Protein chains: 2
Amino acid sequence: MQYPEPIAQLIDSYTKLPGIGQKSATRLAFFTLGMDEEDVTGFAQALIAAKRDLHFCSICGNITESDPCVICADPTRDQTEVLVVEQAKDVMAMENTREYHGLYHVLHGVLSPLEGKGPDDINIASLVTRLQTNEAITEVIVATNANSEGEATAMYLSRLLKPAGIKVTRLAHGLAVGSDIDYADEMTLIKAVEGRTEL
Amino acid sequence: MQYPEPIAQLIDSYTKLPGIGQKSATRLAFFTLGMDEEDVTGFAQALIAAKRDLHFCSICGNITESDPCVICADPTRDQTEVLVVEQAKDVMAMENTREYHGLYHVLHGVLSPLEGKGPDDINIASLVTRLQTNEAITEVIVATNANSEGEATAMYLSRLLKPAGIKVTRLAHGLAVGSDIDYADEMTLIKAVEGRTEL
């Protein structure tokens with residue numbers, strides 16, 4: 001016996017989300033049946049609206065309603081720095097610090113030989129074009145994740161851009177603020193010692 | 001800085017689902033942006049349709065498009081047995097065995113003093129009415145979950161219905177098929193010995 005068609009469809013839709021299998025999807029679908037009519041309608045509209053109204057900024061690749069995005073279109077931002085991140089989410093994390101006032105570039109991925117992702121599969125070509133056509137940019141800050149793929153991507157960008165006279169920097173490695181030294185892993189400790197600063 | 005409105009709305013909708021916090025909701029929302037237009041539209045339609053087209057069967061409480069549900073409306077099913085389950089999902093699990101051919105009754109919950117759920121909060125009154133008005137039913141099989149709340153509900157139903165001359169039975173406890181004795185918990189082993197059958 002099958003579930004009634006409407007719930008089978010909904011379960012099927014939920015299973016298309018990452019990390020949600022058949023059991024979780026069934027649980028979510030039944031939960032949905034018990035939700036307020038208004039919340040369910042709002043959810044459906046949010047899905048449609050997000051897909052319809054959001055695009056990638058043609059300059060930096062960030063997710064935006066307008067093109068160029070609000071950051072690229074803002075003349076008060078520091079036009080000399082471009083911070084390169086893996087995902088649009090990372091732009092938000094950085095913006096929430098309220099300390100960085102330059103521009104961004106979203107790669108939409110990292111170099112990953114294991115997953116067969118090379119330089120042509122991520123948003124690097126548009127970064128190069130951007131640097132060639134916009135002479136105001138003097139520094140590229142690579143803010144890829146602090147794992148081996150993020151490091152490899154940072155190294156690649158550094159070798160690609162430095163010959164063109166662009167300053168390429170990388171976010172500092174070290175102890176997370178508030179963390180205990182005896183819980184830090186060895187690589188982090190080594191990096192923290194290497195990158196020590198004078199008091 | 002805030003996310004663009006459409007994605008903030010979508011994140012908000014995802015956080016209303018059980019077990020999905022802010023981080024997971026953000027991940028799901030960004031994943032949604034990368035999904036096929038068709039899949040997203042299908043998802044939105046499935047949400048609306050499930051909420052609009054599905055109802056509870058007025059007889060057994062199961063989730064259905066038509067009322068009464070296909071099981072209650074099927075004259076070839078054994079009209080003498082009613083299997084009582086906690087959730088509509090459990091009906092499906094039972095149906096998938098293809099071995100039970102009687103009717104169902106969905107409680108939509110269990111007795112749970114800790115959560116303040118008493119007999120009036122679950123679908124028990126309609127079961128009593130059903131048994132009073134339908135004399136064909138001779139046996140109620142209680143198939144609540146095998147935990148303390150499921151057991152308490154089974155005991156309650158048994159005390160409530162037995163005086164009316166209805167046979168009340170409970171699913172057997174014992175070793176799951178394919179399981180190892182040395183991995184079984186003590187209560188299961190005790191129940192398995194108590195309920196041993198002659199070969």
Inter-copy spacing of A:Thr133 label points, which lie 7 Å from Cα along Cα→Cβ, given in nm from shortest upward: 7.3
Using Cα pairs under 8 angstrom and six or more residues apart, how large is the relative contact order of region A:50-189, in percent? 19 percent
Would you mind checking the pairs A:Lys23/B:Lys191; A:Lys23/B:Lys117; B:Lys16/B:Lys117; A:Lys23/B:Lys89; B:Lys117/B:Lys162; A:Lys89/B:Lys23 and listing those with alpha carbons more than 19 angstrom apart? A:Lys23/B:Lys191; A:Lys23/B:Lys117; B:Lys16/B:Lys117; B:Lys117/B:Lys162
Along the axis that rotates chain B into chain A, which residue of chain B has the nearest beta-carbon, and what is the gap in whole Å? B:Ala44, 2
Inter-copy distances for B:Val70, label 7 Å out on the Cα-Cβ vector, sorted ascending, nm, one decimal, are 4.9
Between the DSSP loop rule and a limit of at most 10 other Cβ atoms within 10 Å, which GluC sites (Glu not before Pro) in region B:114-199 are left? B:Glu135, B:Glu198
About the Cα centre, charge dipole magnitude for the protein assembly as shown (Lys/Arg +1, Asp/Glu -1 at Cβ), debye: 20 debye
Euclidean distance between Cα centres, region A:125-199 to region B:1-59, Å: 36 Å
Compute the length gained on full extension between B:Ala146 and B:Ala8: take 0.36 nm times their separation in residues and subtract their Cα-Cα distance, giving the result in nm to one decimal. 45.6 nm
Which of A:Val110, A:Thr153, A:Thr129, positive extreme of dipole for region A:76-174 (C-beta unit charges): A:Thr129
Label geometry 7 Å along the beta-carbon vector: B:Leu199 inter-copy distances in nm: 7.5
In nm, spacing of pseudo-spin labels at B:Glu135 and B:Asp121 (7 Å Cα→C-beta vector): 3.7 nm
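Bear in mind these aren't lab numbers, they're just calculated from the coordinates by the rules spelled out. This one's a predicted model, so the numbers in the text were calculated from it and none came from an experiment. No Cβ is skipped: glycine too gets one built from the backbone with ideal geometry, and neighbour counts run over all protein chains shown.
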